[in-house]
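Report on the following structure.
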Amino acid sequence: SADKSNMLKCAACGKGGDGLKACTACKLVKYCNASCQRAHWPKHKKECKKRAAEIHDEALFKEPPPREECDICMLPLPLDIAERKYQSCCGKILCYGCIYATFKADNRQLCPFCRTPEANSEGEYVERLKKRVDGGDANAIHQLGCLYNLGDMGLPQDYEKAMELLLRAAEHGSYYKIAGAYYHGEGVRDTKKATYYYELAAMGGHVKARHNLGAMEWKAGNMDRAVKHFMIAAGAGHDTSLEEIRKGYMNGYATKDDFEKALRSHKEAKDEMRSDQREAAAAFDAARGES
């Protein structure tokens, strides 16, 4: 492997100087120019790919950033998208606990953040969404892409339009849905691109993307990598990932320590997401569904 002295000279021709540039993939060696890099590639290829893979995994499996919070109660947002909502008026994603508490206090549907009345129709919601899309709101671009993907809220199902919007959202850091579109072939099936975007989403803290990577590794027979992904997702409160760790422990590809650690971190994450308001909202929805 390269040592510090090797970084002071070109790995191909041995010349030194201030203009040397490091190999962008592995950072282990430097070159005078592209010609020297091409000439040295047959010798360097194996070491470069090995170190590049190590660098990738260091980034992929490091502790994810803090979970996104509700802008009203400041608690981590629920993982279930049915328990959170994008507000097309102000662009905030709020938990249903805060939305329900505001409705209960005012007996009318106002945005808990900006106090704007809820849209009166699906058409009005879409028009608000489009205005936020025009302003470059990544979440709005993502939401509109999802609506075209499903053919929802009066919009036609249009995979081409959906892909265009979801790729725009990805440019602003919203990766999960475009990954799913590539994986499921909603427009174009491309597993390599799906993995790329799932990894970006997971590194940004998207818990379901992290779980999906675990499932893909499990399917490929890479149990150690699958367990790493499931451990991170379970530690963020993801129920299915915790179940996968339990099954892994029962079947011998996860350790007892893994399972116990996952149980503790999963409970802590669940506790952080819990509130009286959110439980009241869930009870209200359950009662409404039964009536």
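The values are calculated or read from the model by the stated rules, or taken from the named source; none is laboratory data. Not measured: the values here are computed from a predicted model. All Cβ positions, even for glycine, are placed from backbone atoms using ideal geometry, and neighbour counts span all protein chains on display. Side chains included, ligands, DNA and RNA excluded: accessible areas come from the protein's heavy atoms. Shrake-Rupley method; radii C 1.70, N 1.55, O 1.52, S 1.80 Å.
A few comments on the model shown:
One line per residue, one yes/no per condition, for (1) of a type in the set (A, V, I, L, M); (2) farther than 28 Å from residue 274 by Cβ; (3) modelled with pLDDT under 95:
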site: 216; (1), (2), (3): yes, yes, no
site: 220; (1), (2), (3): yes, yes, no
site: 225; (1), (2), (3): no, yes, no
site: 230; (1), (2), (3): no, no, no
site: 233; (1), (2), (3): yes, no, no
site: 236; (1), (2), (3): yes, no, no
site: 247; (1), (2), (3): no, no, no
site: 255; (1), (2), (3): no, yes, no
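- Within region 221-231, the set of residues being open to solvent by 40 Å² or more (accessible area, probe 1.4 Å) and under 19 Å from residue 200 (Cβ atoms) comprises 225, 228.
- The residue list 79, 20, 60 contains one member that is out of contact with any helix residue (DSSP H, G or I) (no Cβ under 7 Å at 6 or more places or on another chain) and of a type in the set (A, V, I, L, M, F, W, C), which is 20.
- Residue list for region 18-32, filter: part of a loop (DSSP other than H, G, I, E, B), touching a residue at least 12 places away in the same chain (Cβ under 8 Å) and either closer than 30 Å to residue 204 by Cβ or open to solvent by 40 Å² or more (accessible area, probe 1.4 Å) (or both): 19, 23, 25, 26, 27, 28, 32
- Restricting the first member to region 241-267 and to residues that are without any contact (Cβ under 8 Å) to a residue 40 or more places away in the chain and among the hydroxyl-bearing types (Ser, Thr, Tyr), and the second to residues that are surrounded by 15 or more Cβ atoms within 10 Å (Cβ to Cβ) and outside any helix (DSSP H, G or I), the beta-carbon pairs closer than 7 Å and six or more apart or on different chains are 265/235.
- Taking the listed residues 254, 262, the one that is outside any helix (DSSP H, G or I), open to solvent by less than 60 Å² (accessible area, probe 1.4 Å) and in contact with a Gly (Cβ under 8 Å, 6 or more places away or on another chain) is 254, with no other qualifying.
- Checking residue 15 against (1) open to solvent by less than 80 Å² (accessible area, probe 1.4 Å); (2) more than 26 Å from the chain's Cα centre (by Cα), the condition it does not meet: (1)
- Of all residues in region 13-33, those satisfying the criterion of being under 21 Å from residue 56 (Cβ atoms) and among the hydrophobic types (A, V, I, L, M, F, W, C) are 22, 23, 25, 26, 28, 29.
- Condition broken by residue 183, with the remaining ones in (1) of a type outside the set (D, E, K, R); (2) farther than 20 Å from residue 61 by Cβ; (3) out of contact with any Asp or Glu (no Cβ under 6 Å at 6 or more places or on another chain); (4) open to solvent by 60 Å² or more (accessible area, probe 1.4 Å) satisfied: (4)
- Among the candidates 278, 246, residue that is part of a helix (DSSP H, G or I) and surrounded by fewer than 18 Cβ atoms within 10 Å (Cβ to Cβ): 246
- Close pairs (9 angstrom Cβ cut-off, 6 or more residues apart or separate chains): in contact (Cβ under 8 Å) with a residue 60 or more places away in the chain and surrounded by 22 or more Cβ atoms within 10 Å (Cβ to Cβ) in region 207-218, among the small types (Gly, Ala, Ser) and not in a helix (DSSP H, G or I) anywhere: 207/236; 207/237; 210/236
- When region 197-206 is filtered for residues that are free of Cβ contacts under 8 Å to residues at least 40 places away in the same chain and in a helix (DSSP H, G or I), the ones remaining, listed by number, are 197, 198, 200, 201.
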